[in-house]
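Here's the structure, in structure tokens; my notes come after.
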Amino acid sequence: MNLPDITLIFQLAIVLFLMVLLSSVVFKPFLRVLQERKDWVEGAEKKARELQQRSEELMERYRDSMSAAQAQGASIREEIRREGLSKEAEVLQKAMEEANRFLEEMRGQLQEETRNVRAALRLQAQTLSREVAEKMLGRSIQ
């Protein structure tokens, strides 16, 4: 009966030896690889979250800058429109003033010509009336 006890001890020694050997050769490297992979995955996830957060911040800044640019564009467009309306009013005012000046000049010329024509007509009317009277009377009138 002594023999089975030694076999049991020998089997236990082999199992312990294999456990130590497999632990250092297989299990520890395997567990280390698993841990490294877990650490790598966690690092990648953390980096992905950071990149996601950074991209959201950049998108928010982009939206803000786009809103500001659109507001600025609208403001500039409105300013240009106002300037255009102001220039248009100024040009119309100058055109109206020039047209009024031209009309006044034409009225003045027309009045002057009317006076000249009336004076000429009066003179012609007097001459004609004298000629008619001379012909009717048959003698010259002075």
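The values are calculated or read from the model by the stated rules, or taken from the named source; none is laboratory data. Being a predicted model, the structure only gives us computed values, none of them experimental. All Cβ positions, glycine included, derive from the backbone under ideal geometry; neighbour counts span all protein chains shown.
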* Looking only at region 28-40, decide whether some residue is among the hydrophobic types (A, V, I, L, M, F, W, C), at pLDDT 95 or above and surrounded by 10 or more Cβ atoms within 10 Å (Cβ to Cβ). => yes
* Which of the residues spanning region 17-54 are polar (S, T, N, Q) and under 60 Å from the mean Cα position of the chain (by Cα)? -> Gln35, Gln52, Gln53
* Which residues, taken from region 108-142, are in a helix (DSSP H, G or I) and among the charged types (D, E, K, R)? -> Glu112, Glu113, Arg115, Arg118, Arg122, Arg130, Glu131, Glu134, Lys135
